[in-house]
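S.K.: Just dropping this structure here.
Each reported figure results from applying straightforward, stated rules to the coordinates on display, with no laboratory input. As the structure is a prediction and not an experimental result, all values here were calculated from the model. All Cβ positions, even for glycine, are placed from backbone atoms using ideal geometry, and neighbour counts span all protein chains on display.
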Amino acid sequence: MTARNEKVAKVIKELTAEFLGRENNRTSLITVTFATASPDLKRATVFITVLPEEKEADVLLFVKRKRSEVRELLKKKLEIKTIPFIDFAIDQGEKNRQKIDELLRAK
């Protein structure tokens with residue numbers, strides 16, 4: 001990832017986290033863990049974790065419904081020619097890390 005991609009991904013992460021913090025209905029905790037941007041900056045994936053875990057499916061539907069609003073926010077705040085298409089995914093790496101922590105504590 002180039003420095004420019006990293007910078008764009010970081011701004012997308014911060015703006016999306018801010019947006020979801022405002023829009024969340026407070027029945028679950030949504031944390032934006034990181035974001036990635038494609039080399040051509042036409043696509044970006046925002047990775048999230050959700051607590052409680054049972055709400056993951058509902059939250060994924062919610063954030064995917066809000067994609068266009070997130071994109072509008074990015075249009076206003078990002079100073080780049082092409083605003084990337086935003087997708088959301090559950091951060092499996094973070095889930096795995098938490099599971100390992102849980103197993104280590106159980107010993």
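S.K.: Put +1 on the Cβ of each Lys and Arg and -1 on the Cβ of each Asp and Glu in the chain; which of Phe62, Pro52, Val11 then has its Cα farthest toward the positive end of the dipole?
M.R.: Positive-end residue among those listed: Val11.
S.K.: Rg(Cα) of the chain divided by 2.2 N^0.38 Å?
M.R.: Numbers: Rg = 14.8 Å, N = 107, 2.2 N^0.38 = 13.0 Å.
With N residues counted in the chain, Rg over 2.2 N^0.38 Å equals 1.14.
S.K.: A further question on this structure: Of Asp91, Asp101, Asp58, how do they rank once you tally other Cβ atoms within 10 Å and put the fewest first? The partial results should precede the final answer.
M.R.: Numbers: Asp91 17, Asp101 10, Asp58 13.
The fewest-first ordering by Cβ neighbours comes to Asp101, Asp58, Asp91.
S.K.: Still on this structure: For segment 70-81, take each phi angle, set θ = phi - 60°, evaluate the Karplus expression 6.51 cos²θ - 1.76 cosθ + 1.60, and give the result in whole Hz per residue in order, putting x for glycine and proline.
M.R.: Ordered by residue, 3J(HN,Hα) equals 4, 4, 4, 4, 5, 4, 6, 9, 8, 9, 10, 5 Hz.
S.K.: Let me ask something else about it. Quickly work out the Glu14-to-Asp101 label distance, labels modelled 7 Å from Cα along the C-beta direction, and quote it in nm with one decimal.
M.R.: Simple spin-label model gives 2.4 nm for this pair.
S.K.: Which of the lysines could be linked to Lys10 by a straight reach, that is with a Cα gap under 27 Å, when you skip same-chain ones fewer than 8 residues away?
M.R.: List returned: Lys42, Lys55, Lys64, Lys66, Lys75, Lys76, Lys77, Lys81, Lys95, Lys99.
S.K.: Still on this structure, I have one more. Taking the number of other C-beta atoms within 10 Å as the exposure measure, put Thr16, Thr36 in order starting with the fewest.
M.R.: Arranged by neighbour count, lowest to highest, Thr16, Thr36 become Thr36, Thr16.
S.K.: Where both residues lie in the chain, what percent of DSSP beta bridges are antiparallel, nearest 5?
M.R.: Working: 8 of 14 bridges.
Counting DSSP beta bridges with both partners in the chain, the antiparallel share is about 55 percent.
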